[in-house]
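Heads up: the structure comes next, in structure tokens.
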Amino acid sequence: MILINGKETAEKIRQEIKAEVAGFLDTYDAAPHLAAILVGDDPASDTYVSHKEKDCKSVGITSSIYRLSTKITEKELLNTVDFINSDDDIHGMIVQLPLPEHINVDRVISHINPKKDVDGFHPVNVGKMALGYPTYLPATPYGIMELLKRYKIETAGKHCVVIGRSNIVGTPMSILLSRKSNPGNATVTICHSHTQNLKDIAATADILIAAIGKPEFVTADMVKKGAVIIDVGIHRIPSDKTKTGFRLIGDVKFDEVSKVASAITPVPGGVGPMTRVALLLNTLTAFKNSRSLI
Ligand code: NAD
């Protein structure tokens, strides 16, 4: 059984990005710049944005955080997006989700200049992804595609079952795997809350991607012998064995499924670090786009 090490792979990619950024500084005296808009004081969002800032710093990417009050109006938020859109020294922008309920998320995302939309959520970029044009890919599916590529996991002609159809994970994942590309060229089934016989369908998968948001949902009886398992879920559960008092588990019951699978991502240390590094890859691409380098 191969343990698909996302932590190690992400670190390798981080070093590659760092070298490219150093090259840009030498050649252009400029580095990629990512701006993050954070609305309100949700602790989880705050942590995510801090991680993004730290990740940028670790590779030499400049980052700026625009912290806005939870009481901000939609118009004021759109003005901030406009401000970043028009700043040529900022190459990529993210708006940390969720936003307060009085703000229309779709309107805000659609307001981002697609060229700066390094989350890959803008409808123009989602459309490009579906058509197979070069574009920014949503971070989690992008990270998973990189893992499949770097671990040389064959996807062509394989049956991939994706459990979950969210706009940020399940749906883009299913599109990317079915595209005429490598990785890709797979036969994809997408399962969701209305799927019947989910267990039976999962058990036919050569590659099973669990992005359902339910702790240890995937058990050994749902997995074909020799399948590749990608666990996207992250859940914090209480533990008396760790200093922090909690530990992380995924959507897959790792202990039993790892005995059946040919390869599996652990939680933590699997998809999570790849998601983080994928945002840096997109920011690098945004910088290159701004200088017509690609
Ligand atoms: P989501 O809640 O938006 O989507 C979950 C999907 O699962 C939905 O499409 C729903 O239809 C489906 N679903 C729910 N219950 C089901 C059931 N009983 N049977 C079949 N399908 C069912 O979640 P998300 O944003 O896609 O995230 C999924 C998980 O991945 C969460 O645990 C989240 O924390 C985690 N996540 C991890 C990363 C990472 O970097 N590792 C990134 C994003 C999300």
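The values are calculated or read from the model by the stated rules, or taken from the named source; none is laboratory data. This structure is a prediction, so every number in the text was calculated from the model and none was measured. All Cβ positions, even for glycine, are placed from backbone atoms using ideal geometry, and neighbour counts span all protein chains on display.
General observations
- Test for D88: is it farther than 18 Å from I168 by Cα, in contact (Cβ under 8 Å) with a residue 24 or more places away in the chain and loosely packed, with under 13 Cβ neighbours inside 10 Å: yes
- Taking segment 128-139 as the range and being surrounded by fewer than 24 Cβ atoms within 10 Å (Cβ to Cβ) and either polar (S, T, N, Q) or out of contact with any Ser or Thr (no Cβ under 8 Å at 6 or more places or on another chain) (or both) as the test, the residues that pass are A130, L131, Y133, P134, T135.
- Screening E53 on (1) surrounded by 20 or more Cβ atoms within 10 Å (Cβ to Cβ); (2) under 30 Å from I209 (Cβ atoms) shows it passes everything except condition (1).
- For C191, the criteria (1) surrounded by fewer than 16 Cβ atoms within 10 Å (Cβ to Cβ); (2) within 14 Å of the ligand (Cβ to nearest atom); (3) touching a residue at least 12 places away in the same chain (Cβ under 8 Å); (4) of a type outside the set (F, W, Y) hold in every case but one, which is (1).
- Within segment 130-141, tally of residues that are assigned to a helix (DSSP H, G or I) and either closer than 16 Å to R165 by Cα or among the hydroxyl-bearing types (S, T, Y) (or both): 4
- Output for segment 118-129, where each listed residue is more than 10 Å from the chain's Cα centre (by Cα) and either part of a loop (DSSP other than H, G, I, E, B) or under 28 Å from E8 (Cα atoms) (or both): V118, F121, H122, M129
- Some residue of segment 3-25 being in the same structural domain as I112 (by TED's automatic domain parsing), in contact (Cβ under 8 Å) with a residue 60 or more places away in the chain and not in a helix (DSSP H, G or I): no
- Boolean, V124 is in the same structural domain as A35 (by TED's automatic domain parsing), more than 16 Å from the ligand (Cβ to nearest atom) and either within 30 Å of T47 (Cα to Cα) or surrounded by fewer than 20 Cβ atoms within 10 Å (Cβ to Cβ) (or both): yes
- When T242 is tested against (1) at negative phi; (2) in contact with a strand residue (DSSP E or B) (Cβ under 8 Å, 6 or more places away or on another chain), exactly one condition is not met: (2).
- Here is the figure for segment 194-252: residues that are within 11 Å of the ligand (Cβ to nearest atom), closer than 13 Å to I264 by Cβ and surrounded by fewer than 12 Cβ atoms within 10 Å (Cβ to Cβ) total 0.
- Residue list for segment 154-180, restricted to those being surrounded by 15 or more Cβ atoms within 10 Å (Cβ to Cβ) and more than 13 Å from the ligand (Cβ to nearest atom): T155, K158, H159, C160, I175, L176, L177, S178, R179
- Screening the candidates L3, L77 for the property of being surrounded by 19 or more Cβ atoms within 10 Å (Cβ to Cβ) and out of contact with any Asp or Glu (no Cβ under 9 Å at 6 or more places or on another chain) yields one hit, L77.
- For segment 254-270, the set of residues classified as touching a helix residue (DSSP H, G or I) at 6+ places or on another chain (Cβ under 6 Å) and within 11 Å of the ligand (Cβ to nearest atom) consists of T265, G269, G270, listed by residue number.
- Residues in segment 249-294 that are outside any helix (DSSP H, G or I), hydrophobic (A, V, I, L, M, F, W, C) and within 19 Å of I209 (Cβ to Cβ): I249, V252, V260, A261, A263, I264, V267.
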